[in-house]
Structure formats: structure tokens, C-alpha cells
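Everything below concerns the one structure shown next.
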Amino acid sequence: KNIVVLISGSGSNLQAMIDACQNGTIHDTRIAAVISNKADAYGLERARLAGIDTVHLAVSDYSDRDAYDRAMAEKIDAFQPDLVILAGFMRILSHEFVSHYLGRMLNVHPSLLPKYTGLHTHQRAIEAGDKEHGTSVHFVTEELDGGPVILQAKVPVFDNDTVEDVTARVQQQEHRIYPLVANWFLQDRLSMVDEGAVFDGQKL
Ligand code: GRF
């Protein structure tokens, strides 16, 4: 099977996928391509180092979101992926794009959804005095960070934690659970039915 990964930045979750494909955590799968909206995303370098095709699509080359997303879908579909993985891809997706990949596109969001959709989740958890925070892997639907949650990992938040402390703790968990979920999907154990996630025949 094969996957396409969309990134905008550091790509540490991409790296976790690369490693998982190499060490067998994800079986019989290759990352066909990595696509970024940012030319300087370090994730592109990680992809090159792993011998993976990279594509940079500059937002400024397209008249609007629909045109950009259409071009991106064309690039993605050329690789015929079984699964599309959002790994720190920092753009809102058009309706058309989301519906084209509905049920075969995953995202990782750094909060215990439905808490803290959107940005600055770590800061918001700290400011709220949460003792517990975490990350969620979910199917991507029309609603921003609102698709069915598949798996979450919790981390503690300690009294004097900085945003950096919490980010590091959360990302460590993302790197563990995201490849796991991708593998479930690729092994046909996971699907989206009626906007709900189904794992091994059980509604989650
Ligand atoms: C991750 O923490 C993820 O939850 C969020 O963006 C971050 C991407 O980090 N969607 P990286 O580029 O994978 O290092």
C-alpha cells in the first residue's frame, strides 16, 4: 500500500511514519510522496533523506483555496495513495478536497478532542489549569478538528510546565499513536462509517 503525507513544518510526525514503515510498525507500505505548502519545511528535508518524492505547492501560485486544493489533489492522486496523512499541515481544506478524501484521510490534533480545536492548544490547556492534556488521531471531515476520533493519548500537565515542556510530552505520544492508527487503516481494520470510526467491526 502507499500513503501521501501533507506537511507544513518540522515533520516530526512524518519522521515517525518514515521510521514506522522502515521498522515494520506499519506493514507493507511505502510513503509515496510528501507534499508541503512551505518550501522551507524541514519535513521536506526529512523526506529527501529517506529517498521519498517531495512536492512543494506555493500558495501564491494559485488564485484561491479551491484552485490550490484542486492542484494539490491532482498531485496526490497521481501517487494513487490508499491513505492521506495530515502531519502538521497548517491550512484549512476546501469542501471539495475534504469530500474527495473522506474516509481515507487522517489528522493528528494536539489536544484531547473535543477540547481545544484550532490553534495554541498547549497554551490553552496550561492557562485553563488542566492537569491532563494530550493528542487525538481522527478522520478528517468538513468540521475543523471535528471528525471522528480514533485514538487519543493523555499526558500529565505539571505545575511549572512551559508550552515547550507540554509540546514535547504530547509529541512523544503523537509519534507513538499516529503510526499505529495509520497501520490499522492500511491493514483494513479501521474505517469511517456514517461519520463514525469503526475498528475491528466495533463502533468507537
Ligand atoms: C503536531 O503536534 C500535530 O499535532 C499538529 O502539528 C504538529 C506538527 O508537528 N497538527 P510536526 O511537523 O509533525 O513536527
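The values are calculated or read from the model by the stated rules, or taken from the named source; none is laboratory data. All values derive from a computational prediction rather than experimental measurement. All Cβ positions, even for glycine, are placed from backbone atoms using ideal geometry, and neighbour counts span all protein chains on display.
Below is a table of values for the structure above.
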{"quantity": "Pick from the range 1-31, criterion at positive phi and out of contact with any helix residue (DSSP H, G or I) (no Cβ under 6 Å at 6 or more places or on another chain), ranking: nearest to the ligand (Cβ to nearest atom)", "calculated": "GLY24"}
{"quantity": "The range 143-161: number of residues that are in contact (Cβ under 8 Å) with a residue 24 or more places away in the chain, among the β-branched types (Val, Ile, Thr) and within 15 Å of HIS122 (Cα to Cα)", "calculated": "1"}
{"quantity": "One residue from PHE185, PHE199 being farther than 13 Å from LEU112 by Cβ, aromatic (Phe, Trp, Tyr) and touching a Ser or Thr at 6+ places or on another chain (Cβ under 8 Å)", "calculated": "PHE185"}
{"quantity": "Unmet requirement for ILE18, which otherwise passes all of (1) out of contact with any Pro (no Cβ under 8 Å at 6 or more places or on another chain); (2) farther than 15 Å from LEU186 by Cα", "calculated": "(2)"}
{"quantity": "Scan of the range 84-118 for residues that are within 12 Å of the ligand (Cβ to nearest atom), closer than 16 Å to ALA33 by Cβ and among the β-branched types (Val, Ile, Thr), ordered by number", "calculated": "ILE85"}
{"quantity": "Positions within the range 119-145 being away from the ligand (no atom under 14 Å from the Cβ) and part of a loop (DSSP other than H, G, I, E, B), in sequence order", "calculated": "ALA128, GLY129, ASP130, LYS131, THR141, GLU142, GLU143"}
{"quantity": "Qualifying residue in the range 79-98 (condition: part of a helix (DSSP H, G or I) and of a type in the set (Ser, Thr, Tyr))", "calculated": "no"}
{"quantity": "Residue match in the range 71-79 (condition: within 13 Å of the ligand (Cβ to nearest atom) and under 23 Å from ALA16 (Cβ atoms))", "calculated": "no"}
{"quantity": "Matching residues, the range 96-121, being touching a Lys or Arg at 6+ places or on another chain (Cβ under 9 Å) and closer than 21 Å to ASN160 by Cα", "calculated": "SER111, LEU112, TYR116, THR121"}
{"quantity": "Cβ pairs under 9 Å, 6+ apart, first in the range 40-51 and at pLDDT 95 or above, second within 11 Å of the ligand (Cβ to nearest atom) and of a type in the set (Lys, Arg)", "calculated": "LEU44/LYS38"}
{"quantity": "Scan of the range 48-72 for residues that are assigned to a helix (DSSP H, G or I) and buried (at least 17 other Cβ atoms within 10 Å of the Cβ), ordered by number", "calculated": "TYR68, ASP69, MET72"}
{"quantity": "Odd one out for PHE97 among (1) free of Cβ contacts under 8 Å to residues at least 12 places away in the same chain; (2) in contact with an Asp or Glu (Cβ under 8 Å, 6 or more places away or on another chain); (3) not aliphatic (A, V, I, L, M)", "calculated": "(1)"}
{"quantity": "Qualifying positions in the range 152-188 - assigned to a strand (DSSP E or B), under 18 Å from the mean Cα position of the chain (by Cα) and within 13 Å of the ligand (Cβ to nearest atom)", "calculated": "GLN152, ALA153"}
